[in-house]
Each structure stands twice: as C-alpha cells, then as structure tokens.
Ligand code: UDX
C-alpha cells in the first residue's frame with residue numbers, strides 16, 4: 001500500500017520507517033527541511049536504537065522517501081498517518097493541538113477523491129471530532145474518513161514496539177464506512193496481525209482515551225512506588241525489595257515499580273496534565289484530581305534528590321564539585337525533554353555547586369537546553385575531583401561502574417544513586433558513602 005506519515009519526530013520517523021519495513025511505499029512529511037534532508041540522507045535526527053538500520057534499508061529499497069512538499073504528499077497516497085507532536089501549552093495544562101490542526105488544514109485543501117486520515121498522536125478526547133468539523137468547514141469536495149490509531153511506543157524500544165506492538169487499537173467514526181476503514185487498516189498491519197496481535201476496534205473517543213489512560217496508569221504506578229519510597233525512607237524499609245515482593249502478585253506486576261527520580265520525557269508528564277485539563281473541560285475534573293497528586297509526588301522526587309545531594313556534600317552545595325552521570329530522561333534515549341536528571345543538575349548549579357554532566361547520548365541536546373552546566377566527555381572526566389557522584393539516569397555504563405573505576409579521580413568517595421540502580425553493598429564495602437534516593441538499604 002501507499003501511505004504518508006505526517007510529522008517526522010520520534011513517533012513519525014519511526015512509524016514511517018517501520019511502515020516501509022512492513023513492505024509499504026511510504027512518504028514521510030515534515031515542515032522542518034533540515035530534518036527531511038537528514039532522513040533522506042539516512043541519518044536519524046535523534047538517538048533510537050535500531051532505527052538507523054531500518055531507515056537505511058528502506059531508503060535503499062526505494063520504498064521510503066521524505067518530503068516537505070504537501071502537494072507531493074497529497075498526491076502520493078490516499079492513506080495519511082498523523083504523527084505530529086502535541087506538546088503542553090505554554091503556561092497551561094492543556095495540549096497544544098496547533099500542529100495537528102495545521103497538518104489537517106494544509107492537507108485537506110489539497111485532497112481530491114477518497115482519503116483516510118489516521119491519527120496516531122496522543123490527543124485530548126474529542127480531537128478527531130474537531131478534525132471532522134474542520135474538514136467539513138473547509139468545503140473540500142474530497143471524501144475524507146477519520147480514524148484514530150494511538151501509538152504506544154517507548155523511546156529506546158520504538159522500532160520493536162512499532163513492529164511488534166502489544167495491541168493495535170483502532171477508533172472508527174460511526175458516521176463513516178467502518179468496514180472499509182477497518183479493512184484498510186487490517187491490510188496496512190497485516191504482518192503484525194498475522195502474529196496474533198490483539199486488534200481492538202472501537203469508537204473515536206475510546207481510542208483517544210485509551211492512550212491517555214494508559215499513560216496516566218503508568219505515571220500513577222511510578223508515583224505510587226515513589227510515594228511508598230518516602231514512607232520506606234522514614235521507616236527504614238527497603239522500597240526495592242518491597243517492589244519485588246508486591247510485583248510478584250500478577251495483579252500488580254513488577255514493571256514500572258522502579259522507585260527513584262521519577263518520570264520525565266515528552267509524554268507522561270504532559271499527557272497526564274492534558275488529561276486533567278480535558279476532564280475539566282468536560283465537567284469531569286474531580287475524576288482526575290488524583291493525577292495532580294501523581295504529578296506532585298513525581299516533582300517532589302527532584303526536590304528530594306537535591307536535598308539528598310546537599311546532605312551528601314556535607315550540608316551545603318556551595319563550592320562542591322558534583323558529577324552528574326546521565327541527563328537523558330531515561331536510558332537508551334538522547335531525549336532531554338522534561339528530564340528529571342537535567343532539572344536536578346540545574347537546581348544544584350543554581351544553589352552554588354559546580355556541576356559536570358556526562359551522558360552517553362544526550363550531551364548535545366543538554367548543551368542546547370542548559371548551556372551553562374559543565375560537560376565532560378567521559379565518566380572519569382566528569383568525576384574528576386568530585387565531592388559527590390550522582391547517578392541520575394540508569395544507563396548500563398553507569399550500572400556497571402565499579403568503585404575502583406572512580407577512586408583514582410574523585411575527591412571524596414561519595415555516591416548518590418538517584419535511580420536505585422547500583423548495588424549498595426559493592427560501594428559500601430569499598431569504603432564509599434552510599435546514598436539511595438528513596439532510602440539506603442541496611443548493608444551487612
Ligand atoms: C511512555 C509510555 O511508556 C509509552 O507507552 C508512550 O507511548 C509514551 O510515553 P516513554 O516516554 O518513551 O514512553 O518512556 P517510559 O519508558 O514510559 O519512561 C517514562 C519515564 O518514567 C522515564 O523518565 C523513566 O525513567 C521513568 N520510570 C519508568 C520510572 O521512574 N520508574 C519506572 O519503573 C519506569
């Protein structure tokens with residue numbers, strides 16, 4: 001089949017490359033000409049394991065192309081995926097839908113004949129109905145169906161999650177030809193559906209809400225364990241063992257119960273806020289007030305990390321040298337959007353510490369966002385003369401660190417584990433002062 005994918009960010013670029021991998025002819029579309037030039041040249045504008053190979057393979061196969069030209073896109077296919085960003089509005093909780101609506105407005109005026117618009121972006125419930133209204137108001141003679149097919153990919157696993165998703169959800173417009181749209185989508189995902197991937201068809205509102213609810217649940221799970229970690233810390237209990245123990249109950253599950261610095265990135269924080277804002281607009285605000293608490297528990301982790309680092313530096317940050325290992329919002333990503341690690345690094349610097357950051361992949365993005373922080377090209381350079389070493393993103397490289405790797409360079413043998421990813425016994429037995437965010441377990 002021939003498809004276009006609008007938006008070539010983390011979601012769109014991955015989706016475009018993966019649709020080509022499934023055998024379709026794909027045109028990726030983005031208004032950012034630099035991004036289009038890079039992708040056309042086989043270079044991915046962000047770090048995503050496995051994506052460069054899929055991109056390269058499909059550019060070479062001739063099935064994948066990129067453009068900034070909407071005329072070309074409108075003429076290329078009759079199925080159009082919408083994968084543009086829906087960031088948080090400045091100074092508000094609500095999602096900013098300007099990019100979604102801009103694509104719709106620009107595309108629709110160019111369409112003739114029958115087309116299917118499939119939304120993939122995370123949007124407030126009701127957005128597809130808004131899109132339908134815009135299409136109607138445009139006066140187009142084209143016959144345009146709207147469907148919603150939310151994307152659940154995680155950064156760092158984007159290719160795997162796109163090609164082998166846990167489920168496919170398709171929201172259909174009851175006023176449209178639901179059978180024809182379902183058949184088209186089944187054809188697009190035929191390879192995936194052949195793996196017996198669950199396929200749920202529903203209405204547009206439910207499909208939109210599935211995504212918002214999934215992210216809200218994940219965020220809640222993380223904040224739940226972080227709230228428990230605060231009590232563990234006060235009681236001298238070990239939240240990591242506790243998470244293992246409750247996680248064995250299959251109704252609970254161990255995943256997303258890692259206590260620490262909490263969630264960040266371009267999705268969970270802004271998605272729970274947009275969900276609250278939308279519930280408010282719908283008159284259902286009280287239903288989601290608990291998400292405000294989820295957000296506030298999460299933000300408290302960052303403040304608590306700053307307190308712990310201050311304690312580790314002997315009560316004052318002034319004049320302390322702090323090594324920050326990790327500034328991506330999570331490992332296997334170069335994304336620093338709402339990164340808890342960078343937020344903490346910035347606060348430490350504001351309070352008078354000298355901060356040197358190292359991350360295997362996110363240095364360029366960090367430098368752009370926080371140009372005043374110090375940066376080093378390796379763990380050992382970042383830790384030179386450090387009074388405290390902070391592990392804020394659990395990259396494998398940091399998890400595998402041994403005390404002897406850092407001992408020749410640090411000033412003080414003090415380590416603060418913001419992700420509870422190190423083995424405290426190893427560090428304590430080597431004579432280090434170990435602090436764990438969420439409580440330091442008793443080591444014998
Ligand atoms: C998330 C959802 O997982 C994905 O399904 C959705 O499509 C987009 O949003 P992503 O933002 O890529 O994906 O990252 P994710 O792996 O969910 O992690 C989000 C944040 O939570 C990270 O900052 C991570 O460090 C943190 N986290 C995750 C924890 O603090 N503890 C955990 O146990 C798990």
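Coordinate-derived values only; no laboratory data. As the structure is a prediction and not an experimental result, all values here were calculated from the model. Because the Cβ atoms are built from the backbone with ideal geometry, glycine has one as well, and the counts that use them run over all protein chains shown.
Values as computed for the structure displayed
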quantity: Proxy reagent accessibility, fewest Cβ within 10 Å first, across 55, 193, 170; calculated: 193, 170, 55
quantity: Gaussian network model of the chain, Cα within-10 Å springs - most flexible of 186, 332, 394; calculated: 186
quantity: Computed P(r) (all Cα pairs; segment 9-68; 5 Å bins; percent); calculated: 4, 24, 37, 26, 10, 1
quantity: Helix axis angle, 51-61 relative to the chain longest principal axis, alpha carbon, degrees; calculated: 30 degrees
quantity: DSSP-defined beta bridges in segment 2-197 - what % are antiparallel, rounded to 5; calculated: 10 percent
quantity: Cα-based equivalent ellipsoid, the chain: semi-axes from gyration tensor eigenvalues, Å; calculated: 43, 24, 19
quantity: Segment 2-197: C-alpha gyration tensor shape, a/c 1.5 cut-off, then a/b vs b/c; calculated: rounded
quantity: Prolate/oblate/rounded label for segment 129-229 (Cα gyration tensor, a/c 1.5); calculated: oblate
quantity: Between 0 and 90°, nearest 10: helix 178-188 axis offset from the chain longest Cα axis; calculated: 60 degrees
quantity: Segment 186-296, Rg to Rh (Cα coordinates; Rh as Kirkwood inverse mean 1/r); calculated: 1.07
quantity: Ascending count of other beta-carbon atoms within 10 Å, so fewest first, for 222, 428; calculated: 428, 222
quantity: Highest-fluctuation residue, 249, 295, 166 considered, GNM on the chain with Cα pairs under 10 Å; calculated: 249
quantity: Rel. contact order, % - alpha carbon contacts under 8 angstrom, at least six apart, the chain; calculated: 12 percent
quantity: Principal axis box of segment 310-400, alpha-carbon based, largest edge first, Å; calculated: 33, 27, 19
quantity: Volume per residue of the C-alpha convex hull in segment 203-444, rounded to whole Å³; calculated: 139 Å³
quantity: Net length gained if the chain between residue 405 and residue 248 were fully extended (0.36 nm per residue, minus Cα distance); calculated: 53.0 nm
quantity: Rh by Kirkwood over Cα pairs, then Stokes-Einstein D for segment 276-326 at 1.567 mPa s and 4 °C, µm²/s; calculated: 95 µm²/s
quantity: Degrees, to the nearest 10: 98-108 long Cα axis against longest axis of the chain; calculated: 20 degrees
quantity: Cα centroid separation, segment 142-217 to segment 92-139 (Å); calculated: 17 Å
quantity: Antiparallel %, DSSP beta bridges [both residues in the chain], to 5; calculated: 5 percent
quantity: Measure of compaction for segment 103-187 (Cα Rg per 2.2 N^0.38 Å); calculated: 1.18
